[in-house]
Amino acid sequence: MTSQNPTAERRIRIPRPVYGLAAILAIVAVAGFTTPSFATLDNLFVVIRAASLTGIVAIGMSYITISGNLFALSASSLGALLAVLFALITAQFGFAAGVVLTLLLAGVSGVAQGVAISLIGNPIITTLAFGTVFRGLAALLSGNSILRIESDLALWIGTARPLGIPTQSWAFVVAALLSWFVIRHLKLGREIVLCGANPQAAIASGLRVGMVTSVACIALSTGVAIMAMLTVSQFSQAKADLFMGYDFDYIAAVLVGGIALRGGRGSPLQAALGAILIALLQNFMLLNGFSAGLRMTIVGFLVVVSISLFHVLQGKSR
């Protein structure tokens with residue numbers, strides 16, 4: 001008979017997204033039971049729309065974290081700049097030109113940030129500086145005034161609910177599925193994960209670490225552009241102070257979703273689940289009259305607990 005070594009037994013590993021789904025179900029159950037207004041259809045659409053806009057950017061942010069570059073602190077400022085540019089271009093040349101040129105400019109900003117991060121080696125300082133530039137350009141181009149657009153197509157995209165679901169949520173789902181496919185099934189996705197897991201080994205193996213960083217920044221910039229265009233389309237206006245203070249929400253979604261802070265582990269789907277969880281929690285607290293300070297404190301505490309929990313689980317799985 002072969003003796004079994006307890007330390008060699010296989011541990012049952014629960015996929016990280018399961019924790020996110022469990023937390024979402026728990027919040028829905030508690031909120032639905034204690035707060036009748038939470039379970040209404042109108043409130044559900046409010047939560048879905050909020051989670052979608054944050055989630056689209058969080059999905060892009062997940063590429064930054066998985067690639068080993070921590071976070072980008074320029075997302076909200078870039079969103080303001082792209083919103084202003086989209087409004088200006090749409091007003092002058094039409095909606096189609098606004099979409100195409102805004103996405104192209106988002107790609108350029110992503111490449112610029114990726115190259116700068118590769119050269120400087122500090123994504124936090126680099127993107128913080130870029131964020132200042134983006135916000136300043138947004139104020140300069142808008143003249144610190146509200147820019148309005150008149151486009152029936154833009155308004156329809158911003159407010160429509162195909163099959164009863166907001167357009168923003170369709171974009172959120174598509175972004176999550178495409179990003180998951182890229183990370184799990186494409187060579188580029190594997191390179192992103194490998195570069196995040198061990199940058200030195202990746203360089204020694206001939207992987208294109210600088211290119212991977214640029215791709216991650218382009219993914220984030222594209223998500224920001226989509227979020228900005230959907231927001232401008234919904235309200236038919238843009239201004240330089242849009243999305244002020246939203247960077248924490250995007251980062252919180254990534255962390256609460258359980259993506260490894262040091263990179264190399266995780267999926268964009270986890271960031272999507274993190275965005276949904278935070279949107280549900282924020283909505284529940286808002287309906288119950290929690291102050292802004294208390295809501296921020298609770299979300300911050302949730303981020304700390306999530307980081308600690310997943311760090312412990314990662315240590316046990318080794």
Positions within region 122-146 being among the aliphatic types (A, V, I, L, M) and either surrounded by 13 or more Cβ atoms within 10 Å (Cβ to Cβ) or assigned to a loop (DSSP other than H, G, I, E, B) (or both), in sequence order: Ile124, Ile125, Leu128, Ala129, Val133, Leu137, Ala138, Ala139, Leu141, Ile146
Do you know which residues across region 59-89 are on the phi < 0 side of the Ramachandran plot and among the small types (Gly, Ala, Ser)? Gly60, Ser62, Ser67, Ala72, Ser74, Ala75, Ser76, Ser77, Gly79, Ala80, Ala83, Ala87
Taking region 24-50, which residues are aromatic (Phe, Trp, Tyr), over 20 Å from Val299 (Cα atoms) and open to solvent by less than 80 Å² (accessible area, probe 1.4 Å)? Phe45
From Gly263, Gly245, Gly293, which residue is part of a loop (DSSP other than H, G, I, E, B) and either farther than 30 Å from Ile149 by Cα or of a type in the set (S, T, N, Q) (or both)? Gly263
Go through (1) of a type outside the set (Phe, Trp, Tyr); (2) assigned to a helix (DSSP H, G or I); (3) in contact (Cβ under 8 Å) with a residue 12 or more places away in the chain and name the single condition Ala72 misses. (2)
Just name the residue that is nearest to Val84 (Cα to Cα) out of those in region 147-161 that are among the hydrophobic types (A, V, I, L, M, F, W, C) and open to solvent by less than 20 Å² (accessible area, probe 1.4 Å). Ile149
Has region 147-156 got any residue that is over 30 Å from Asp42 (Cβ atoms), part of a loop (DSSP other than H, G, I, E, B) and more than 23 Å from the chain's Cα centre (by Cα)? no
Is there a residue in region 102-121 that is assigned to a loop (DSSP other than H, G, I, E, B), surrounded by fewer than 20 Cβ atoms within 10 Å (Cβ to Cβ) and either touching a residue at least 40 places away in the same chain (Cβ under 8 Å) or polar (S, T, N, Q) (or both)? no
Qualifying residue in region 204-224 (condition: within 30 Å of Val18 (Cα to Cα), open to solvent by 30 Å² or more (accessible area, probe 1.4 Å) and without any contact (Cβ under 8 Å) to a residue 24 or more places away in the chain): no
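Filter region 271-307 down to the residues that are more than 27 Å from Phe33 (Cβ to Cβ) and in contact (Cβ under 8 Å) with a residue 60 or more places away in the chain and list them by number.
The one that is more than 27 Å from Phe33 (Cβ to Cβ) and in contact (Cβ under 8 Å) with a residue 60 or more places away in the chain: Ala271.
The values are calculated or read from the model by the stated rules, or taken from the named source; none is laboratory data. Computed from a predicted model, the values in this text were never measured in an experiment. No Cβ is skipped: glycine too gets one built from the backbone with ideal geometry, and neighbour counts run over all protein chains shown. In case anyone asks, the SASA skips ligands and DNA or RNA and just uses the protein heavy atoms, side chains included. Shrake-Rupley method; radii C 1.70, N 1.55, O 1.52, S 1.80 Å.
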